[in-house]
């Protein structure tokens, strides 16, 4: 039986700061505050299989060999430490899901079990 992954009910403030940093690479500064505000006010809307999140975002799976952060998240999972829900943005024009924050948590969840459910917030912009 796969290890149960514990998740916090709400993302942490640092997750929104990380999302802002990432999204600032392709969202104009004038729109960034509004987007982060909308993401902050979006409720945790569901849980999705880690493998589906990676596919929708067109991102490769990172392993503990690829990323020290993934290795750290795996240690948290093994130790029963709750992880933050992920933050997702789907820009309808290109229909590519952006993991605004939580890529490493998603990879760690997948490595724990490919059908692991990952909770998060998704904003359709």
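The values are calculated or read from the model by the stated rules, or taken from the named source; none is laboratory data. All of these numbers come straight from a predicted model, not from anything done at the bench. Don't worry about glycine lacking a Cβ; one is built from the backbone with ideal geometry, like all the others, and counts go over all protein chains shown.
Overview of results
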item: Residues satisfying the stated conditions in the range 78-109, i.e. out of contact with any strand residue (DSSP E or B) (no Cβ under 7 Å at 6 or more places or on another chain) and farther than 20 Å from residue 38 by Cβ; result: 78, 79, 80, 81, 103, 104, 107, 108
item: Selection from the range 23-38 of residues that are touching a residue at least 24 places away in the same chain (Cβ under 8 Å) and in contact with a helix residue (DSSP H, G or I) (Cβ under 9 Å, 6 or more places away or on another chain); result: 23, 35
item: Some residue of the range 65-87 being at pLDDT below 95 and under 16 Å from residue 123 (Cα atoms); result: no
item: Residue check, residue 67 under 27 Å from residue 3 (Cα atoms), free of Cβ contacts under 8 Å to residues at least 60 places away in the same chain and over 13 Å from the mean Cα position of the chain (by Cα); result: yes
item: Criterion (touching a residue at least 12 places away in the same chain (Cβ under 8 Å), farther than 26 Å from residue 125 by Cβ and within 12 Å of the chain's Cα centre (by Cα)) met by exactly one of 108, 50, 19; result: 108
